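Have a look at the structure below before the remarks.
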Amino acid sequence: MSYDDDHEHHGSPWGPHDWSHGAPHNSWAPIIVSLGIGVFLFGFASTFAMNETMDNTIYSAGSLPIVLVGFAIILSGFLIWWRQDISFEGHYEPKSSGVPFKNIDIRKVGIWVFLMSEMMVFSTLFSTYIRYRIGTESCQAILDNHSTFSNGVPFTPGDACWIPASYFIAGSHSESWTISLGGFGLPDTLVPGAINTFALIISSFTVVMALQTAKREDLDADERSRKVRNYLAATLVLATLFLTLKMIEWFIGFNIGPFHAPSLMEDGYTIHNTAYPFAGSGHGEEHLTANLRLSASTFYVATGTHGAHVFGGMVALSYMTFKAHKGGYSPSNAVSIEYFGLYWHFVDLVWVLVFPAFYLY
Amino acid sequence: MSHTIFGKDAYNMNFAMLMILTVIEVGAVAASVQEIITSQMIIFVLVSIGIVKFLGIAFIFMHLRMEEDSNILTMTALFPVFFIGIMIAVIALTSPASPDSLPAWCRFW
């Protein structure tokens, strides 16, 4: 595409532009956003801290201004980014000029680099999970061993041991077994997580269908816009369903007809619970008074970080659905949907790992 | 450009595969809870299905195969694997008590 030949580009107060000479799309925006995120996280970490005995959260309003300043810097970075790109509406794709990405769309490379940094974020969460899962004795094993750790030390009430979230979600803990799959009983507590898995997979499919439709030149503009809007709206609805079910699973629980499940909070699976009466299986009245903070915080941080990414995708989807409704997508600027799709598939990809690791096993 | 697998649209085929594998995944857990299959078997099933679903999404939906720039983008996607390997070796497989021995300047308390 020879967009450079057709358009005049002038110096802009919003950032250094040199598109007319074939240079990459330089921008200060990523550096400003990174700085903002750094300030925001610094302030956020200082706003919430644990007390001396590590059993409660202390809220400190003194750091709130830092949080707000960080948030303002992030917003200004996004504003600059948006202002720089908005005039092109995705029709112009600058190419990368350096090895090894020569002649690849530079925004595509940028998205992939961003996704890889995201991969590192989730890898830290999985590393933490693996480390604690392997390194902390399971409460069931201790109970089976007559309230004794494997090294022979007796278990004292309040000691930490591992109860996976799957014990509450997909394990024998559930009293409600109304769903039958070919003779197999399926706990009701697993239903939200299972539906969410299907919802994310379907939403990945609707995004690729939106992209495929936006690239179709055989459709007239109105029909294409309507179909793209519908696919993106379907994705948004599925994402909303995902977060709604997540809230139900964590905080609310459900009691619909024959289906009943308490929330994880109601079950006592919280990051503050240091005295959970773990009865396990096959032990009659015996139980351990276990400290759940380790396993619960690992679960909530990992799945919560994933949920935050879903929410971020919903914000972008809202804008894109509105843009599609206004007829903003055509075969020449459909790559915007592709780039969002890469992010969304990544969110789905992470869930593919989170679901079995945290919900099923 | 539309791609095919066994003569069918690649997106549709991948979508169908992901849905079927998820049904198998959930069914396997139900079988595990009923003690029809062992805990070792369920780990094997979940890991195997997880890898196949992961590759299906990355290769088909994220276009790491079948596009002109797929190879270099696949290399980009693999780049963090080195660091993830280090992280798993150094963090995930170490003793949970390790942070207790860190010097004070590494800790918040």
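The values are calculated or read from the model by the stated rules, or taken from the named source; none is laboratory data. As the structure is a computational prediction, the values presented were derived from the model and not from experiment. Reconstructed Cβ throughout: ideal geometry from the backbone, glycine too, with neighbour counts over all protein chains shown. Heads up: the accessible areas ignore ligands, DNA and RNA and are worked out on the full protein's heavy atoms, side chains in. Shrake-Rupley method; radii C 1.70, N 1.55, O 1.52, S 1.80 Å.
A few notes on this one:
- Normalising the Debye intensity of the protein assembly as shown to I(0), with uniform scatterers on Cα atoms only, and taking log10 at q = 0.06, 0.08, 0.12, 0.13 Å⁻¹ returns -0.32, -0.56, -1.21, -1.37.
- Computed with every protein chain present, the accessible area of A:HIS272 is close to 80 Å² [probe 1.4 Å].
- Note on B:18-29: average number of Cβ atoms from other chains within 10 Å of each residue's Cβ is 6.
- Globularity index of segment A:137-360, i.e. its alpha-carbon radius of gyration over 2.2 N^0.38 Å: 1.28
- Heavy-atom accessible area with a 1.4 Å probe sorts A:PHE205, A:PHE78, largest first, into A:PHE78, A:PHE205.
- Taking 0.36 nm per residue of separation and subtracting the Cα-Cα distance, full extension of the segment from A:ASN103 to A:VAL301 would add 67.4 nm.
- A:ARG133 contributes about 50 Å² of solvent-accessible surface, heavy atoms of the protein only, 1.4 Å probe.
- The heavy atoms of B:THR94 present about 50 square angstrom of accessible area, all protein chains included, probe 1.4 Å.
- Solvent exposure of segment B:1-62 as accessible area per residue, Å², 1.4 Å probe: 52 Å²
- Solvent-accessible area of the protein assembly as shown (1.4 angstrom probe, protein heavy atoms only): carbon and sulfur portion equals 67 percent.
- Residues losing 30 Å² or more accessible surface upon assembly, segment A:94-111, compared with the chain by itself, 1.4 Å: A:PHE101, A:ILE104, A:LYS108
- P(r) weight above 19 Å for segment B:1-62, C-alpha pairs, percent: 39 percent
- Inter-chain Cβ neighbour count for B:55-62, averaged per residue, equals 6 (cutoff 10 Å, partner chain atoms only).
- Each Cα pair under 8 Å and six or more residues apart adds its separation to the average, and for chain A the resulting relative contact order is 17 percent.
- Computed FRET value (nearest 0.05) for A:PHE42 with B:ILE36, which takes r as the C-beta separation and R₀ as 45 Å: 0.30
- Taking every residue in A:130-140 and counting other chain Cβ atoms within 10 Å of its Cβ, the average works out to 3.
- Ordering B:ILE5, B:ILE86 by accessible surface, largest first, gives B:ILE86, B:ILE5; the 1.4 Å probe counts only protein heavy atoms, with every chain in place.
- Heavy-atom surface of chain A, accessible at 1.4 Å and reported per residue (Å²): 47 Å²
- Excluding ligands, DNA and RNA and using a 1.4 Å probe, chains A and B jointly bury around 4400 Å² of accessible surface, summed across both partners.
- Listed residues A:HIS325, A:HIS345 arranged by accessible area, highest first, probe 1.4 Å: A:HIS325, A:HIS345
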